[in-house]
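The values are calculated or read from the model by the stated rules, or taken from the named source; none is laboratory data. These numbers were taken from a predicted model, which means no experiment stands behind them. Note that we place each Cβ from the backbone using ideal geometry, even for glycine, and neighbour counts take in every protein chain shown. Accessible surface is based on the protein model in full, side chains and every heavy atom, while ligands, DNA and RNA are left aside. Shrake-Rupley method; radii C 1.70, N 1.55, O 1.52, S 1.80 Å.
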Amino acid sequence: MKFFKKGKKGTQLTPAEFLKQRQLDTVKALLEMSEDFGRIALLAFAEEKQITESVLYYLENRRFEGSTSLVSSAELGRQIYENFIRPDAKLELNIPQTARDNIRSGAEEAGHVATAQLAMVFQLATVEVLKMLDEYYDEFAASNYAIKLQTDVLEHEASVEQGNAKAKRGDWWTREPSPFETEIKDKHLNAGALNLSGEMSIEEKKKKKKKAAKNATSPRANGTFGISDVV
């Protein structure tokens with residue numbers, strides 16, 4: 001089932017056309033929507049494609065960049081390093097091996113509390129993450145997740161117009177994460193990768209093997225990857 005919006009000339013817009021009309025024609029534009037709909041849709045899509053870490057990283061780093069507190073910035077920087085950058089991080093970024101090594105080295109040299117230096121290092125990772133995500137944009141725009149996004153946006157706009165809802169104001173990264181984002185992040189970070197003997201469980205080994213095989217056929221698979229290092 002597809003949902004459409006009438007265009008100015010009476011034509012019906014597909015989700016891809018709707019996104020283009022709204023200037024939501026890049027992954028970054030979707031991630032920067034004022035409302036949470038774009039971020040939620042991309043997270044759901046990323047879960048299916050097993051690239052969740054890339055979307056979560058962008059969101060976490062955006063909050064790091066927008067933080068005005070030195071204490072909060074230092075803590076956010078530490079969490080980003082631990083969750084996405086360090087070797088064997090549970091959400092280790094799926095980016096080219098050379099770039100990953102350079103980013104990791106730069107983060108370790110900057111130190112966990114040198115927020116200005118970390119910001120520059122994290123920005124390098126953001127560039128790589130967006131490159132990878134943009135390669136999935138067309139697939140997203142043709143998916144059921146884009147249909148759901150279009151429907152949610154139009155229904156919300158109608159509710160706002162009728163006075164039944166309020167449009168969110170201010171920068172999205174200053175607000176609390178959506179419940180869906182929190183749920184997805186907690187699921188990945190709290191996954192028990194080790195059993196009582198300290199070895200990786202059979203279930204986790206299967207998941208890692210499946211993800212490595214998936215990455216090997218992804219749009220980013222090329223000679224610069226160390227597929228066995230992708231987690």
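How high is the FRET efficiency between GLU155 and LYS49 when r is their beta carbon distance and R₀ equals 25 Å, given to the nearest 0.05?
The formula returns an efficiency of 0.45 here.
Say R0 is 25 Å: what FRET efficiency, to the nearest 0.05, do LEU124 and ASN164 get from their beta-carbon distance?
Using R0 = 25 Å, I get an efficiency of 0.05.
For the peptides 94-107, 54-67, what is the packing order when you average, over each peptide's residues, the other Cβ atoms within 10 Å and list the highest mean first?
Per-residue mean Cβ counts within 10 Å order the peptides as 54-67, 94-107.
Report the Stokes-Einstein translational diffusion coefficient (µm² s⁻¹, integer) for the stretch 43-134, Rh taken as the Kirkwood radius over Cα pairs, at 37 °C with viscosity 0.692 mPa s.
252
In nanometres, what is the gap between the two model label sites at VAL71 and GLU109, each 7 Å from Cα along Cα-to-Cβ?
Placing both labels 7 Å along Cα→Cβ, they lie 3.2 nm apart.
For the stretch 90-135, report the accessible area per residue in Å² (1.4 Å probe, heavy atoms, rounded to an integer).
44
If you stretched the chain out fully between GLN12 and ALA29, how much longer would it get, using 0.36 nm times the residue separation minus the C-alpha to C-alpha distance?
3.9 nm
Could you tell me the distance between the Cα centroids of the stretch 83-136 and the stretch 49-68, to the nearest Å?
11
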